[in-house]
1. Given a 1.4 Å probe and heavy atoms of the protein chains only, how would you sort A:71, A:18, largest accessible area at the top?
2. Quick check on chain A: helices-only [θ] at 222 nm, where DSSP H runs of length 4 and up contribute -39,500 (n - 2.57) each and the sum goes over total residues. Nearest 500, please.
3. Could you tell me what a quarter of the Cα convex hull surface of the protein assembly as shown works out to, in nm² with one decimal place?
4. Would you mind working out the magnitude of the charge dipole of chain B relative to its Cα centre, with +1 at each Lys and Arg C-beta and -1 at each Asp and Glu C-beta, to the nearest 20 Debye?
5. Arrange the residues A:46, B:50, B:37 by how much accessible surface each exposes, largest first, with a 1.4 angstrom probe.
6. Could you give the length gained by full extension between residue A:126 and residue A:8, i.e. 0.36 nm per residue of separation minus their alpha carbon distance, to one decimal place?
7. With a 10 Å radius around each residue's Cβ, average the other Cβ atoms per peptide and rank B:4-14, A:50-60, B:80-90, highest first.
8. Could you order peptides B:100-112, B:65-77 by the average number of other Cβ atoms within 10 Å of their residues, highest first?
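The values are calculated or read from the model by the stated rules, or taken from the named source; none is laboratory data. These numbers were taken from a predicted model, which means no experiment stands behind them. Don't worry about glycine lacking a Cβ; one is built from the backbone with ideal geometry, like all the others, and counts go over all protein chains shown. Ligands, DNA and RNA are excluded from the accessible area calculation, which covers all protein heavy atoms including side chains. Shrake-Rupley method; radii C 1.70, N 1.55, O 1.52, S 1.80 Å.
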Amino acid sequence: MTGIRTYLAVGAGTALGSLCRYAVSVGVLATAGGAFPWATLLVNAFGSGLIGWLATRATRDPQSHWVRHQSFWVTGFCAGFTTFSLFSLETLHLMERHTVMAAAYIVASLVLWLLGVRLGQGLARSR
Amino acid sequence: MDHGLIGPALVALGAAVGGMARLGVTRLAARYAGQRFPWGTLAVNTSGAFAAGFALGHLGRDALSYSPLGLLLLGGVLGGYTTVSSLSLQTLTLWQAQHRLAAFSNLMGTLTLGALLAGLGGYLGASTT
C-alpha cells in the first residue's frame, strides 16, 4: 500500500488515536485535576505498550489484520494517541514552577515509555 | 470547556492533517538521511515541540486551554504530528540491536532538543505578539 491510500489510512488512524487521547484527557482532568499531567503520562505509556505489541505481532504473523492495516494502527493510531509536543510543553511548564515535579514527570515518563514498549513486546511474544 | 461535538471534530480534523504531515516528513527523512537512525521521528518531534512552544508563547495559555483553537492546534495538529510511541519503539529496537549509544542518544537527544526548542519557540512566540 503506497501513495495516497497510505496517507489516508495514516490520517484516519491518527484522527481516531487523537480522539481517544482527547477522551482520556477529559476524563482524567475531571477525576485527577490538572496539577500533574497524568493524562499525557497515561496515553504515552499505553501507546508505547500498544506499538510494542503491534510491531511484534506483525513480525510474528505477517498475514495478520495488524500487518495489512499497519498504516492505520501503528503509524496512525499509536502516534495520534501519544503526543510529544504536549509532553514538552508540560515539562517546561513544570520546570518553571516546580523543579521536583518536573524531574518526577521526566523520569516517570522515560521509565513508563520504555517499560510500556518492552512489556507490549513481551506480551506479543508470549502468545 | 464543553463544546459539544465541535471539540472532538476539531481534534480529529487537526490530527488527520498532522498525521499525514508526519508521514511526509518521516518519508523524506528516510529517503535523504537513511534508515539507520530514526531521523524522521526526531525531526517531527523537535519541530512539533518548537511549534507548540511558539503557539503557546504567541497566543498565551488562556487562548489555548481547552479552547477550540487549542483543541485544533495542540490536541489535533501537533498531537497528531508528534509521537511518543514511535520514539519508544525505535529506541527499544536500536537498544536490542546492540546500538546502545544510538538508542541512548535518540531518547535523550529528543528529550533535550524538544525542551530547548519548545522554550525557544515560546520565547520567539512571545516576542512576536
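1. Highest to lowest solvent-accessible surface, that is A:71, A:18.
2. Numbers: 5 runs with 97 residues, N = 127.
Calculated from helices alone, the mean residue ellipticity at 222 nm is -26000 deg cm²/dmol.
3. Its average projected convex-hull area is 13.7 nm².
4. Values: 6 positive and 2 negative charges, 104 e Å.
That gives chain B a dipole magnitude of about 500 debye.
5. A:46, B:50, B:37
6. Details: separation 118, 0.36 × 118 = 42.48 nm, distance 3.28 nm.
Length gained between residue A:126 and residue A:8: 39.2 nm.
7. Packing proxy ranking, top to bottom: B:80-90, A:50-60, B:4-14.
8. Packing proxy ranking, top to bottom: B:65-77, B:100-112.
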